[in-house]
Amino acid sequence: MRHFACRLLAASSIACLALAAGAATRPRYGGTLRVEIQAKPSTFDAADSPDVAEAEAVRKLHALIYDRLVRLDAQGRPEPAIALSWEHDEQATKWRFKLRPGVKWQDGALLAPEEVVAALKGLATGTSVRWTGDGLEIDAGRPSPDLLMTLATDADLTIRRAGVGTTPVQGGSAGELPIGTGPFRLTRWEPGARAVLQANEDYWDGRPYLDSIEIQMGRASRDELLDLELGKADVVELDPVEARRAQQEGKKVWTSAPLELLCLRFSPNRPAVQDRRVRQALANSIDRAAIQKVLLQNYGAVAASIFPQWLSGYTFLFPALMNLDRARQLTGEIGAAPALKMGYDPSDTLARETAERVAVNAREVDIPIIPAIRRTIPSGTTDVGGDLQVQRVRIDGPTLDVAAREAANSLGLPISGEPGRPEQTYAAERQFVDSLAIIPLIHIPELLGINPRVMNWSATSWGAWRLERASLGGEKP
C-alpha cells in the first residue's frame, strides 16, 4: 500500500506540473502589444505612400482593421471570411457566395449585404456584383479561375464602411477614424508617429486575446533593439546588423521568406546609360555575394531574377555571378565610360551602403559612379531622377501571379496572358531582365525581434501578421 501511495503521489505531481506548464503557455486575455516600426506612414492609403516601407506598414494596419470576402490561410490558400462558402459555374465566370450571418461593424451595427456589394466596386471593369436576397453573385463576364485570389489580395477589395475614415485625422474621433469588421479597431492615428488599436469585442471569429496594440513609428533599428532588450517593446523591425546581433545574444528573431527585391533601376532616356554595354558592364562588375554577406549579414539571397525561389521555382535560370573580365572587355569597347549619377533614399541605410559598394565595384572596371541623395521613385514613373537608382520593390505575392502584378506596377514588367501560367511569367521576366532595364541584386526578408512574453506570434511566410490569436504571458524581461 505504501508503494502504491508513493506512485500515486508521483503521478499526481507529474499531472500538476503538466497542468501548470499548460497554464503557463495557454493564451491569456488582456494587455497591450507594443510594436515598433521604422516606417513613418503619413497617409492611410497604401497607394499614396511614397515608399515601400510606408505602404507595407499601411497594409498591415488595414489587415488588422478590415476584413475581406475571402482571406488566405497560412499556406496562401483561399479560405472563408465574410463569405462562408462559394460555388461557380463550369467556366468560373459566374460565382455565388453565401455570406456569414451576424457580422458587425466595429461600431456595433450589422454589416448589410448591400454594403458588401458596395465594397466590391473595385473589381475589374465588366464585372457585375449583386445581392439576390439569399446570396452574393459575381459575374466576371469571362472565365476567372483566379477570382478568389483577387478577392483575398487586391487592396481595393477590403470591406470597409463607405465614407468613413478615408483620411483619418491626428488623434481621431469616432466619426473620423476608419471602420471595418476586422479583429481590431483603430482608435488613435498620429501620422508618422503612432497608431493605437483596440480589440473588437464583436469580431465574428472571436474576440482577440490582446486588449490593444500600440504601434510606434519612425524608430531606428538600433533604438528598437535597445527597447526590446529593456522590455519596452514586444515586436520590433530590425535591420540585418541588429537582427544578427539579437540572434547571437539568444533573442528570438522571426525571418520571413524574401519579400523585397533590392535592385538598380535605370532611367531609359538618360544619354549616359543608352549604350547597353554600359549597363551590361556594370551588371557584371557587382559582387552580389559580398552585399548579401556583409550588408545583409547572410540574410536573404543573391538575386539575378525579379522573383525569389519560393515564388517562382526557377531562379536557377538566372545566374548571378560576377564577371570582371567580361565587364572590362565591355568598357574597353566603349572607350571612356561616362560618369553615372546613382541615387538612393537617404533614410534607407541599406540603400546607401549598397550604392557605395556598387560604386566601388564599378570603379574596378573603370565606370565612374557618383552616389547622390534622392527621394524614392514615384509610382508609375520611369525616370528615376538620375542615370540609375538603388530601389527596393515589394514582391511578396503570395503567389507568382500576384507578385507579377506587383512587379508590373512598380517596375514596368510586361505581363500578359492567363493567370496560372508560370511559363508566360518566366518569358516576360526573362525578356525584361535581359533588357537591363534593372539589375536585380538581393532578395530581402523581413526581420522581427520578438519579446519572450509574446505568445502565439503568428505571421505568414509572406509577412502578413495574424494578431487576433496573439497574447501576452509572463512578466516583461
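Computed from the coordinates by the stated procedures, all read-outs in this text should not be read as laboratory data. The structure presented is a predicted model; accordingly, all values stated were derived computationally and were not measured. For neighbour counting, all protein chains shown are included, and Cβ atoms are generated from backbone atoms with ideal geometry for every residue, glycine included.
Listed values, structure above:
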{"read-out": "Efficiency of FRET from Cβ geometry, Thr132 and Ala290, R₀ 56 Å, rounded to 0.05", "value": "0.40"}
{"read-out": "Residues whose placed amide H lies under 5 Å from that of Lys341, excluding near-sequence neighbours", "value": "Ile370, Asp387, Leu388"}
{"read-out": "Highest-first arrangement of 33-40, 351-358, 96-103, where packing means the average Cβ count within 10 Å", "value": "33-40, 351-358, 96-103"}
{"read-out": "P(r) of region 258-446 over all Cα-Cα pairs, binned every 10 Å from zero, in whole percent", "value": "10, 39, 38, 13, 1"}
{"read-out": "Fully extended contour minus Cα-Cα distance, from Ala118 to Arg77, at 0.36 nm per residue", "value": "12.3 nm"}
{"read-out": "Which label in (i) 42, 31, 22; (ii) 38, 25, 21; (iii) 55, 30, 21 gives the computed semi-axes √(5λ) of the Cα gyration tensor in Å", "value": "(i)"}
{"read-out": "Net +/- balance of residues flanking Leu295 in space, Cβ distance below 14 Å, scoring K and R +1, D and E -1", "value": "-1"}
{"read-out": "Mean residue ellipticity (222 nm) of the chain, computed from DSSP H runs ≥ 4 via -39,500 (n - 2.57), nearest 500", "value": "-8500 deg cm²/dmol"}
{"read-out": "Additional length obtainable on full extension of the chain from Asp434 to Arg277, 0.36 nm per residue less Cα span", "value": "55.3 nm"}
{"read-out": "Binned Cα-Cα distances of region 70-154, short to long, each 10 Å bin given as a whole percent", "value": "17, 52, 28, 4"}
{"read-out": "Cα gyration tensor, region 43-117 - rounded (a/c under 1.5), prolate or oblate", "value": "oblate"}
{"read-out": "Estimated dipole of region 70-154 in Debye, rounded to 20 [Cβ of Lys and Arg +1, of Asp and Glu -1, Cα centre]", "value": "80 debye"}
{"read-out": "For region 239-362: rounded, prolate or oblate by the Cα gyration tensor [a/c cutoff 1.5]", "value": "prolate"}
